[in-house]
1. Quick one: which of Lys131/Lys179; Lys122/Lys216; Lys60/Lys91 span more than 21 angstrom between C-alpha atoms?
2. Report ³J(HN,Hα) in whole Hz for each residue of the range 214-220, in order, from the Karplus equation J = 6.51 cos²θ - 1.76 cosθ + 1.60 where θ = phi - 60°; Gly and Pro get x.
3. Using the heavy atoms of the protein chains and a 1.4 angstrom probe, tell me the accessible area per residue for the range 71-113 in square angstrom.
4. How far, in nm, would the chain grow between Phe72 and Ile230 when pulled straight, counting 0.36 nm per residue and subtracting the alpha carbon separation?
5. At 1.4 Å probe size, with the rest of the protein present, what percent of the exposed accessible area of the range 68-141 is carbon and sulfur atoms?
6. Can you compute the modelled spin-label distance between His44 and Glu175, with each label point 7 Å from Cα toward Cβ, in nm?
7. Quickly work out the Glu65-to-Gln136 label distance, labels modelled 7 Å from Cα along the C-beta direction, and quote it in nm with one decimal.
8. How far apart, in nm, are two points set 7 Å out from the Cα along the Cα-to-Cβ line at Leu30 and at Asp101?
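The values are calculated or read from the model by the stated rules, or taken from the named source; none is laboratory data. All values derive from a computational prediction rather than experimental measurement. Here the Cβ is made from the backbone with ideal geometry for all residues, glycine too, and neighbour counts use every protein chain on show. Ligands, DNA and RNA are stripped out before the accessible areas are found, and what is left, the full protein with its side chains, is counted by its heavy atoms. Shrake-Rupley method; radii C 1.70, N 1.55, O 1.52, S 1.80 Å.
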Amino acid sequence: MKAEEEVFRDFFKAWLLQKQILLDQLHNFLATPNSETKMEPPNHLIEQVLSHYQQYMEEKNKVAESDVLLLFSQSWLSAYERALLWIGDYKPSLILRLANDSAEGLTVRQREVLEKMMGETKRAERELAGKMATVQETVASRQILGLARKVGRVLDGEICQLDSMVEEMKRAFVEVLKKADELRVSTVREVVGILTPSQTVQFLATATNFQLQVRKLGLQRDHVAEMSQI
């Protein structure tokens, strides 16, 4: 296992533990009606959750710069988690669905803005999916495959050409991944800007719980699959 993969795996484990702590705090806020704490906008708690999310994105970016292909396999995730990924993470439109389903008391104006965002986000997703498909087609091109098949017997010049093409491919993957992450982050920030503080806590609690429950289910499925092979 590569060093950067080990480092990110350790980070991810610690990050998930902190995520559970933040989820408990979000639930505590939601379960405390009519208290002084409840009456105050939970801005500090919201910023903690958003900072925690930003930390994850920054660490992902480091991995992308080092070896972007790790983010398209993600061995630290369960098979179920990996099956739900879109360009290295969850779709930005999922963020909007969670916000729309979890935030109570949405006004007509809020729903209109969220609906407009959904349309814009899905268009951006289609554009990025198209770019991703183009990169994948390049990987499978005859030129690269032809050189790869001969890698054991090519001349030095052809080996250099293959290395150059692989590096170009990786840079293209990094570019698409970064654009997808930028869309995810901007979507979260825009949603928070639309919702009231209390609605934001509801949304963040739902989104956080979603990821943790998907992980729990994925690990359970992996365990069952492993046991069935014994």
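1. Working: Lys131/Lys179 10 Å; Lys122/Lys216 28 Å; Lys60/Lys91 16 Å.
In this structure, Lys122/Lys216 exceed 21 Å between Cα atoms.
2. Result, ordered by residue: 4, 5, 4, 5, x, 5, 5 Hz.
3. On the way: 2050 Å² over 43 residues.
Counting only protein heavy atoms, the per-residue value for the range 71-113 is 48 Å².
4. Details: separation 158, 0.36 × 158 = 56.88 nm, distance 2.85 nm.
Difference between extended and current length: 54.0 nm.
5. On the way: 2040 of 3880 Å².
Exposed carbon and sulfur together represent 53 percent of the surface.
6. Roughly 4.5 nm, to one decimal.
7. 2.8
8. For the pair Leu30/Asp101, the computed spacing is 1.3 nm.
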